[in-house]
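Below is one structure, written out as structure tokens; the observations come after it.
The values are calculated or read from the model by the stated rules, or taken from the named source; none is laboratory data. All values derive from a computational prediction rather than experimental measurement. Don't worry about glycine lacking a Cβ; one is built from the backbone with ideal geometry, like all the others, and counts go over all protein chains shown. Ligands, DNA and RNA are excluded from the accessible area calculation, which covers all protein heavy atoms including side chains. Shrake-Rupley method; radii C 1.70, N 1.55, O 1.52, S 1.80 Å.
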Amino acid sequence: MDIKIEKKPWYIRHRYYLLGGTAFVIFLIYVISLSFGPRKLRIETDNIQIAEVKNDKFMEYVDVEGLVQPILTIKINTREAGSVERIIGEEGTMMEKGDSILVLSNPDLLRSIEDQRDEWEKQRITYKEKEIEMEQKSLTLKQQTLQTQYEMNRLTKSFTLDKEEYKMGIKSKAQLEVSEDEYNYKLQNSALQMESLRHDSAVTLIRKDLLKNDLEREQKKFTRSLERMNNLVVTAPIAGQLSFVKVTPGQQVASGESIAEIKVLDQYKIHTSLSEYYIDRITTGLPATINYQGKRYPLKITKVVPEVKDRMFDVDLIFTGEMPDNVRVGKSFRVQIELGQPEQAIVIPRGNFYQVTGGQWVYKVNASKTKAIKVPLTIGRQNPQQYEITEGLQPGELVVVTGYDTFGDAEELILK
């Protein structure tokens with residue numbers, strides 16, 4: 001007897017297709033939910049650095065590289081033009097003030113000095129001749145003065161005698177009047193002669209002084225010309241090290257041309273350049289330090305050049321106490337310039353997150369250290385080791401500070 005076979009329901013017959021379709025739909029929903037949800041990225045914790053937010057002391061300072069330079073560098077310029085006859089000072093030689101560096105020759109200057117000498121000799125001879133002539137005139141004037149005074153005395157006595165004779169009746173009144181008129185005339189004439197002699201004497205003295213002044217001027221010109229001769233020998237204006245001489249024998253140099261440098265090495269300074277970001281906060285007198293071989297050496301800023309070039313400006317510092325033993329011109333040190341006193345603040349270590357996020361946000365790690373999500377924050381001051389956090393984080397929280405160049409635009413990090 002035949003057994004009737006019942007037909008299975010459709011969902012039994014097509015169960016594998018239904019299971020496959022259901023799995024595909026579930027996968028599709030999962031993919032869609034991922035695309036519309038926050039983007040996640042799996043990260044190995046060994047490849048990143050996680051730091052704790054702390055309430056710690058914060059001191060704002062700038063850490064830069066400084067170069068040792070001499071405290072003073074003096075350029076040596078020629079005072080006279082000429083050709084280099086002989087170089088005496090060698091580069092690197094320690095010089096004392098007044099030591100010769102090089103000798104110049106200038107035939108034109110020598111001829112000028114000779115002409116000046118001849119002019120001074122002529123002026124001197126002329127002065128001597130004029131001086132003798134004026135001495136003779138002075139003697140003549142003195143003799144004339146003496147003669148005039150003698151005549152005045154004689155006339156006075158003669159007129160006095162005439163008056164006595166008139167009183168005695170020897171001379172008449174008419175004779176006395178004639179004698180008086182003659183006396184008055186000669187008296188006035190003598191007065192005029194004396195005045196003329198005084199004027200002549202004064203003029204003679206003035207002429208003599210003028211000639212003497214002319215002679216002294218010529219002598220000063222000649223002395224200055226001799227000093228120009230001395231300028232042909234270029235000497236060290238101060239004690240120090242002759243750093244270089246940039247001329248060669250036979251070379252023609254102009255007056256005022258820079259031909260050498262002397263470096264004063266009894267003290268040193270540190271020269272560095274800072275970002276224009278700090279230009280309003282860097283002033284003379286600010287303290288700084290050098291940490292070298294485990295020891296701190298204090299400095300202070302002595303010069304700030306306000307001119308900004310390539311977004312940088314220059315600063316000079318000097319040691320205020322002991323210096324490192326091996327300070328040499330050209331050696332570099334790391335210099336920390338303090339911008340204030342230490343203060344309590346919420347801080348995190350520096351990391352490359354700042355370059356990627358601009359300090360606008362950071363990944364904060366949860367308590368179980370299984371994931372990290374983006375959180376906004378505000379950064380205040382900074383130093384080469386720390387950032388000051390003014391908003392967005394609290395002490396004790398953990399943040400990711402490195403690896404941001406590999407995170408892309410992930411909103412959440414899954415930590416493994």
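Couplings 3J(HN,Hα) for the stretch 295-310, derived from phi with the Karplus relation 6.51 cos²θ - 1.76 cosθ + 1.60 (θ = phi - 60°), are 10, 9, 10, x, 9, 8, 6, 10, 8, 10, 8, x, 6, 9, 10, 6 Hz, where x marks Gly and Pro.
What is the distance in Å between the Cα centres of the stretch 270-335 and the stretch 162-179? Between the Cα centres of the stretch 270-335 and the stretch 162-179 lies a distance of 110 Å. Placing a label point 7 Å from the Cα of Arg198 along the Cα-to-Cβ direction, the residues of the stretch 127-160 with a backbone N closer than 16 Å are 142, 145-146, 148-149.
Using DSSP to call loops (not H, G, I, E or B), can you name the GluC sites (Glu not before Pro) in the stretch 276-382 whose Cβ has at most 12 other Cβ atoms within 10 angstrom?
Passing sites in the stretch 276-382 are Glu307, Glu322.
With the charge dipole of the stretch 189-289 set up from +1 on Lys and Arg Cβ and -1 on Asp and Glu Cβ about the Cα centre, the Cα lying farthest toward the positive end among the listed residues Ser201, Ile270, Thr289 is that of Ser201. About the centre of its Cα atoms, the chain shows a dipole size close to 1960 debye [charges on the beta carbon of Lys, Arg (+1) and Asp, Glu (-1) only; nearest 20 debye].
For the pair the stretch 372-414 and the stretch 205-245, the centres of their Cα atoms are 74 angstrom apart.
Solvent-accessible area of the chain (1.4 angstrom probe, protein heavy atoms only): carbon and sulfur portion equals 52 percent.
Tell me which of Gln149, Ala254, Leu192 sits at the most positive position along the dipole axis of the stretch 138-276, charges placed on C-beta atoms (Lys, Arg +1; Asp, Glu -1). After comparing all options, I get Ala254.
Suppose a student asked you for the relative contact order of the stretch 373-416, using Cα pairs under 8 Å spaced at least 6 residues apart; what percent would you report?
Relative contact order here is 36 percent.
About its Cα centre, the dipole of the stretch 135-227 is roughly 340 debye, where the only charges are +1 on Lys and Arg Cβ and -1 on Asp and Glu Cβ. Relative to the longest principal axis of the Cα atoms of the chain, the long axis of helix 15-36 makes an angle of roughly 20 degrees.
Equivalent-ellipsoid semi-axes for the chain (Cα gyration tensor, √(5λ), whole Å, largest first): 111, 30, 21.
Tally Lys and Arg at +1 and Asp and Glu at -1 over the other residues with C-beta under 14 Å from the C-beta of Gln336: what net charge comes out? All intermediate terms of the calculation are to be shown ahead of the outcome.
Working: positive: Lys295, Arg296, Lys300, Arg334; negative: Glu60, Asp63, Glu65, Glu338.
Once all neighbours under 14 Å are counted, the net charge is 0.
Of the options Tyr354, Gly330, Pro342, report the single residue whose Cα projects farthest towards the positive end of the charge dipole of the stretch 299-416 (beta-carbon charges: Lys, Arg +1; Asp, Glu -1). Highest projection toward the positive end goes to Gly330.
Averaged per residue, what accessible surface does the stretch 345-411 expose to a 1.4 Å probe, in Å²? Don't skip to the answer; put the middle values down first.
Numbers: 3140 Å² over 67 residues.
Spelled out: the 1.4 Å probe surface of the stretch 345-411, per residue, equals 47 Å².
So what's the back-of-envelope 222 nm ellipticity for the chain, counting only DSSP H runs of four-plus at -39500 (n - 2.57) apiece and dividing by all residues, rounded to 500?
Values: 5 runs with 151 residues, N = 416.
After summing the helix terms and dividing by the residues of the chain, the value is -13000 deg cm²/dmol.
Under a 5 Å amide H cut-off, with hydrogens placed 1.01 Å from N, Tyr292 pairs with Tyr297 among residues at least 5 apart or on other chains. Highest-first packing order for the peptide set 391-404, 132-145 is 391-404, 132-145, based on the mean count of other beta carbon atoms within 10 Å.
Here the peptides 289-299, 311-321 are ranked by packing, the mean other Cβ count within 10 Å, and the order with the highest first is 311-321, 289-299. Listed values for the stretch 200-209 are Karplus-derived 3J(HN,Hα) couplings in whole Hz (6.51 cos²θ - 1.76 cosθ + 1.60, θ = phi - 60°), namely 4, 5, 5, 4, 4, 5, 5, 4, 5, 5, and x replaces Gly and Pro.
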